[in-house]
Protein chains: 6
Amino acid sequence: MSKLIEEFQDYRSRMNEKILGADNKVMKRIYSVDTLAYQEGALSVKTKEMLGLVSSMVLRCDDCIKYHLKKCHEEGISNDEIFEVFGIANLVGGTIVIPHTRRAVEYWEALNEKYGVNTHTN
Amino acid sequence: MSKLIEEFQDYRSRMNEKILGADNKVMKRIYSVDTLAYQEGALSVKTKEMLGLVSSMVLRCDDCIKYHLKKCHEEGISNDEIFEVFGIANLVGGTIVIPHTRRAVEYWEALNEKYGVNTHTN
Amino acid sequence: MSKLIEEFQDYRSRMNEKILGADNKVMKRIYSVDTLAYQEGALSVKTKEMLGLVSSMVLRCDDCIKYHLKKCHEEGISNDEIFEVFGIANLVGGTIVIPHTRRAVEYWEALNEKYGVNTHTN
Amino acid sequence: MSKLIEEFQDYRSRMNEKILGADNKVMKRIYSVDTLAYQEGALSVKTKEMLGLVSSMVLRCDDCIKYHLKKCHEEGISNDEIFEVFGIANLVGGTIVIPHTRRAVEYWEALNEKYGVNTHTN
Amino acid sequence: MSKLIEEFQDYRSRMNEKILGADNKVMKRIYSVDTLAYQEGALSVKTKEMLGLVSSMVLRCDDCIKYHLKKCHEEGISNDEIFEVFGIANLVGGTIVIPHTRRAVEYWEALNEKYGVNTHTN
Amino acid sequence: MSKLIEEFQDYRSRMNEKILGADNKVMKRIYSVDTLAYQEGALSVKTKEMLGLVSSMVLRCDDCIKYHLKKCHEEGISNDEIFEVFGIANLVGGTIVIPHTRRAVEYWEALNEKYGVNTHTN
């Protein structure tokens with residue numbers, strides 16, 4: 001299962017380096033705003049990562065979902081919490097989100113297996 | 001400004017009644033899952049409403065944005081917090097979200113005017 | 001209510017004429033494929049108009065929805081049938097389709113008022 | 001070719017079980033509304049499955065397309081009919097739907113190979 | 001007709017000021033990357049504005065379309081050229097783009113009326 | 001790397017033949033409008049291919065992106081130019097476009113490797 005995580009992360013890092021190496025200012029700045037947007041502010045990193053996840057789900061981008069699932073896992077988000085995010089994504093975005101939810105559940109399980117299961121504490 | 005709020009809410013209520021009055025089980029159940037999904041659970045109502053808002057923004061639905069802005073306001077979400085949600089929506093969804101953000105800011109101001117400004121307390 | 005129908009149809013006709021008058025071959029051919037696609041074939045016009053309607057709903061285009069609602073009404077589609085189309089659109093496309101459904105119901109009522117209510121016969 | 005069908009169905013069943021096993025009420029209810037929406041009603045199952053298919057195509061979800069193609073095949077939908085659905089999907093949704101149509105045709109052929117070709121009878 | 005242009009521009013300017021006045025760094029930076037992206041570079045401003053226009057059309061954002069139409073007009077883009085952009089947008093994005101094209105044509109005519117018709121010179 | 005190009009092109013050709021072989025007039029005409037839309041006109045083929053590429057990116061269709069990248073490469077578009085298209089796509093379409101940009105960069109490199117690097121000449 002952890003192969004799923006590593007393959008995604010390797011490809012992502014490798015290609016991000018190429019994008020940033022291309023010396024295109026617009027792309028570089030988009031990457032830097034991306035870093036800024038998820039930093040602690042009036043909202044916590046945990047909340048922001050869930051916002052990123054639900055957005056990725058309703059827009060149905062598997063790689064973005066994987067990225068935010070990892071961040072959510074690092075933030076200590078529990079199984080119950082992540083499924084409530086899935087619920088809202090599937091409700092707002094419709095059943096068209098279900099296949100992405102299947103892959104999200106698979107990836108979440110891989111994260112649980114590799115890094116341990118988070119216990120819910122509000 | 002409060003006319004903006006009332007006109008939206010009146011039309012929404014009136015048409016929702018017609019949809020629910022049509023005696024179509026699928027539509028009725030979707031409405032009832034909708035109620036369920038935003039209730040307090042592992043995640044707070046406040047968090048869930050922000051998830052609903054950001055989803056509505058990246059999917060670019062003005063009426064859905066208005067609905068969740070009102071709920072966010074009721075949950076005591078501050079100006080700084082709401083703008084951080086706007087930031088993530090515009091980042092993930094792109095500049096195509098900006099016109100919806102303009103209308104969101106107008107509606108948020110109407111809510112602030114009618115119900116008072118929320119102060120941020122984490 | 002019938003003003004809703006006429007205003008939409010007038011604007012639509014007037015602007016379609018301008019588009020076709022612009023002498024752009026690509027636009028002209030897209031319009032002609034559009035006519036072709038909804039003609040009786042292996043599938044009936046009635047079925048095809050419902051396909052056009054549900055597509056317009058999940059893609060959330062109010063004007064396209066109005067256009068296909070009118071065609072569906074001409075094809076004798078009943079209230080029960082149209083609500084089953086709405087149900088599938090809202091299920092597949094998510095609650096983001098609800099505001100468009102509200103406007104669809106309003107337009108459908110205007111059609112019922114102007115042209116009479118269709119009775120379901122399979 | 002039938003490997004294409006089995007791999008999709010196996011993964012789908014396995015992950016659906018996990019989603020339903022997670023004991024999240026919202027997800028469970030969305031699945032149950034999904035079942036309800038495609039049942040015989042004012043519209044036939046055949047019509048509803050074509051509505052599900054065309055929605056999945058314009059929203060460009062390969063797994064959803066596969067699922068509905070299988071259901072359409074079970075409902076006896078012919079090659080001519082399915083291509084008319086493809087036509088409307090590609091017209092309304094644009095050439096962006098073409099790559100999904102290529103994969104749809106491949107899957108439809110696998111279904112024809114495994115279960116036999118449906119003959120058109122209106 | 002020129003009322004159409006002024007009303008859009010007034011609302012846009014007024015709300016942009018509020019967004020930038022909110023002192024949210026993410027929103028401010030997105031606005032500044034937006035300025036950067038359309039500046040002369042390896043590609044001309046004219047080409048970039050057409051790229052912005054076609055993106056806005058396939059993503060079906062009327063306000064974004066209006067904004068880029070104005071910029072395209074300033075760049076001397078002719079009627080024939082703009083209709084070729086419309087053609088690609090309607091082809092790739094599908095007939096769902098047609099209602100937005102109707103409004104685009106109306107706005108383009110208003111621009112032609114107010115600022116004069118551009119003649120095509122390659 | 002060139003395997004990436006060949007596999008895509010083989011599958012694409014093979015399935016396009018089947019679609020055109022199905023004798024469905026709507027699909028055939030959509031393919032023929034597609035050919036027409038990208039021909040030299042008021043706008044150059046080079047400009048039109050960039051319009052096709054940016055549309056495919058904001059609508060997030062990997063196969064369409066690959067197709068237009070190849071055409072852009074044939075038109076002599078340079079690395080700097082293609083990255084400016086990527087910049088506009090990621091700005092307008094949001095960070096949700098990044099994973100598709102990663103795959104686009106990989107494909108563009110494969111094209112550069114197989115056919116040589118284009119040098120920018122305006």
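The values are calculated or read from the model by the stated rules, or taken from the named source; none is laboratory data. Please read all numbers here as calculations on a predicted model, not as lab measurements. Cβ coordinates were reconstructed from backbone atoms using ideal geometry, including for glycine residues, and neighbour counts include every protein chain displayed. Areas reflect the complete protein model, heavy atoms only, side chains present, ligands, DNA and RNA absent. Shrake-Rupley method; radii C 1.70, N 1.55, O 1.52, S 1.80 Å.
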Give me a count of the residues in the stretch D:15-33 that are in contact with an Asp or Glu (Cβ under 9 Å, 6 or more places away or on another chain) and of a type in the set (Lys, Arg). 1
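Got a sec? Which of C:ILE30, C:ILE77, C:ILE96 is within 17 Å of D:ALA42 (Cβ to Cβ) and not polar (S, T, N, Q)?
C:ILE77
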Specify which of the listed residues (A:ILE82, A:ILE98, A:ILE88) is under 27 Å from B:ILE65 (Cβ atoms) and more than 12 Å from chain C (Cβ to nearest Cβ). A:ILE82
Looking only at residues that are more than 8 Å from chain C (Cβ to nearest Cβ) and assigned to a helix (DSSP H, G or I) in the stretch D:37-53, which one is farthest from D:GLU81 (Cα to Cα)? D:VAL45
Specify which of the listed residues (A:ASP10, A:ASP34, A:ASP80) is of a type in the set (Asp, Glu), more than 24 Å from D:LEU59 (Cβ to Cβ) and open to solvent by less than 40 Å² (accessible area, probe 1.4 Å). A:ASP34
Among the residues of the stretch F:25-36, is any away from chain D (no Cβ under 13 Å) and assigned to a helix (DSSP H, G or I)? no
Single residue of the stretch F:7-37 satisfying the filter (hydrophobic (A, V, I, L, M, F, W, C) and farther than 16 Å from D:GLU109 by Cα) that is nearest to the chain's Cα centre (by Cα): F:PHE8
Reported set for the stretch B:72-95 where residues are free of Cβ contacts under 8 Å to residues at least 12 places away in the same chain and in contact with an Asp or Glu (Cβ under 7 Å, 6 or more places away or on another chain) is B:LEU91, B:THR95
Considering only residues that are within 20 Å of B:ALA42 (Cβ to Cβ) and touching a residue at least 24 places away in the same chain (Cβ under 8 Å), look in the stretch A:54-66 and name the one that is farthest from the other protein chains (Cβ to nearest Cβ). A:ILE65
Taking the stated definitions as given, is C:LYS28 modelled with pLDDT of 95 or more, closer than 17 Å to C:PHE8 by Cα and surrounded by fewer than 22 Cβ atoms within 10 Å (Cβ to Cβ)? no
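Criterion first (at pLDDT below 95 and either closer than 19 Å to C:LYS25 by Cα or not aromatic (Phe, Trp, Tyr) (or both)) does E:ASP23 satisfy it?
So E:ASP23 passes the test.
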Residue hits (the stretch E:45-70; surrounded by fewer than 20 Cβ atoms within 10 Å (Cβ to Cβ) and among the acidic types (Asp, Glu)) are E:ASP62, E:ASP63
Quick check, is C:HIS73 open to solvent by less than 20 Å² (accessible area, probe 1.4 Å) and in contact with a Ser or Thr (Cβ under 6 Å, 6 or more places away or on another chain)? no
Going through A:LEU51, A:LEU69, A:LEU4, A:LEU111 one at a time, which residue ends up being in contact (Cβ under 8 Å) with a residue 60 or more places away in the chain and within 12 Å of the chain's Cα centre (by Cα)? A:LEU111
